[in-house]
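As structure tokens, the structure follows; a few thoughts come after it.
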Amino acid sequence: MPTEFARLLLSWYEKNARQLPWRGTHTPYVVWVSEVMLQQTQVDVVVPYFERWLQRFPTLADVAQADEQEVLKYWEGLGYYGRARNFHRAARQVMRDYCGEIPADVRALRRLPGVGAYTAGAILSIAFGQDEAALDANVRRVLARVFDVDIPVKLPEGERRLWEIARANIPTGRAGDYNQAMMDLGATLCSSQRPQCQLCPLGGLCRAKALGIQEQRPVLLPRKQVPHYLVCAAVIARDSRVLIARRPENGLLGGLWEFPGGKVEPGEELTASLVREIREELGADIRVGEKVGVYRHAYSHFKVTLHAFCCSLVAGEPRPIEASEIRWVTPCELEDYPMGKIDRQISTSLAHCLLVAPRSSCV
């Protein structure tokens, strides 16, 4: 018999489940793609990416056979690009080691790049019908409130407690619906701020609600101050082409293309910083011209304000000292190269300038 928690949850889910393009199928590949995309990304953002991805990569074999640059291009805009690189490597590993069949074993899944406890639990429960729990942020919030978990959920002890509760309440044979029901409840009624407790099917069981502390659960660790960095980038033009560099595979935005540059050191002027960065990064000297624009973006652990400048070479031939490779491309060709948000904004500005007012553009 299911616990009262699971019974009420599933009854609510049967009437209120969100209609999502990856629901209604138990294909392991489709489930895996959706769960990877949904990590740290809102559903409404994921939907168009998911649909476009499946049009280009309808099977895992299609992903494995694709070039990493194409995979990153189809991921562009979703952020957290390590997910795409790991998924690409994992697809090739499945094709090589498991004859293209996604393993229905938790230990085998966990050996794949990028597959953690949550992703493995989601795949096994939703695609293979196994009685496995899956904890994402929404599930953690629901469990922490209903069972009044007063330990910070990011601490090992808090994490263990939530996994214990989740597993103890799995209804036999319905773990997939159970996990998705908690995800939906956390995303709709049991939201992080102003939860709609009066509509929640678990209101009668919720210990945090009974104590009036639902907005104090889950317990979070104190937030660290988010650093802010000042950055410069060079749009180096030559013969109607601009220079772009591919970032190293490991690290932030790994494998993506960018306009070269770097952080401004304390007390350093913007133009002097850019001249120094290009000399260190490309082994060339530049003249800094007019400003292309100022761009701001918040990453998961820091914020940046980037100043982009039109530049020209004055000495030396650029070479990839710190980048994986460099290329000279026309502004119109920039669309073919996967980029992060800021660099895509810069490239879009250049393409627009070329089309609308070529004489006033950098190139």
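The values are calculated or read from the model by the stated rules, or taken from the named source; none is laboratory data. On a predicted model such as this, the values are computed, not experimentally measured, just so you know. Glycine gets a Cβ as well: all are built from the backbone with ideal geometry, and neighbour counts include every protein chain shown.
Any chance you could count how many residues in the range 258-275 are assigned to a helix (DSSP H, G or I) and more than 20 Å from I342 (Cβ to Cβ)?
Within the range 258-275, residues that are assigned to a helix (DSSP H, G or I) and more than 20 Å from I342 (Cβ to Cβ) number 2.
May I ask you to verify whether K15 is surrounded by fewer than 16 Cβ atoms within 10 Å (Cβ to Cβ) and outside the structural domain of G255 (by TED's automatic domain parsing)?
The answer is yes for K15.
Hey, can you tell me all the residues within the range 298-323 that are among the β-branched types (V, I, T) and either loosely packed, with under 12 Cβ neighbours inside 10 Å or within 23 Å of the chain's Cα centre (by Cα) (or both)?
V304, T305, V314
For the range 296-329, which positions are touching a His at 6+ places or on another chain (Cβ under 8 Å) and assigned to a strand (DSSP E or B)?
Across the range 296-329, the qualifying residues are K303, V304, T305, L306.
Quick one: how many residues across the range 1-27 are without any contact (Cβ under 8 Å) to a residue 12 or more places away in the chain and assigned to a loop (DSSP other than H, G, I, E, B)?
So the answer is 4.
Please work out if S240 is among the hydroxyl-bearing types (S, T, Y), in contact (Cβ under 8 Å) with a residue 24 or more places away in the chain and touching a strand residue (DSSP E or B) at 6+ places or on another chain (Cβ under 8 Å).
no
Any idea which of A308, A284, A323, A272 is at pLDDT 95 or above, under 30 Å from L78 (Cα atoms) and small (G, A, S)?
Residue meeting the stated conditions: A308.
Got a sec? Which of L20, L10, L60 is assigned by TED's automatic domain parsing to the domain that holds S125 and buried (at least 21 other Cβ atoms within 10 Å of the Cβ)?
L60
Answer with yes or no whether Q180 is under 23 Å from the mean Cα position of the chain (by Cα), in the same structural domain as L8 (by TED's automatic domain parsing), modelled with pLDDT under 95 and not aliphatic (A, V, I, L, M).
no
Please specify each residue of the range 152-190 satisfying the condition of being surrounded by fewer than 18 Cβ atoms within 10 Å (Cβ to Cβ), without any contact (Cβ under 8 Å) to a residue 60 or more places away in the chain and in contact with an Asp or Glu (Cβ under 8 Å, 6 or more places away or on another chain).
Once the filter is applied, which keeps residues that are surrounded by fewer than 18 Cβ atoms within 10 Å (Cβ to Cβ), without any contact (Cβ under 8 Å) to a residue 60 or more places away in the chain and in contact with an Asp or Glu (Cβ under 8 Å, 6 or more places away or on another chain), the range 152-190 yields only G173.
Can you pull out every residue in the range 28-44 that is surrounded by 14 or more Cβ atoms within 10 Å (Cβ to Cβ) and either β-branched (V, I, T) or outside any helix (DSSP H, G or I) (or both)?
V30, V31, V33, V36, Q39, T41, V43
Could you please let me know if C206 is surrounded by 13 or more Cβ atoms within 10 Å (Cβ to Cβ), in the same structural domain as A298 (by TED's automatic domain parsing) and either under 25 Å from K303 (Cα atoms) or not small (G, A, S) (or both)?
no
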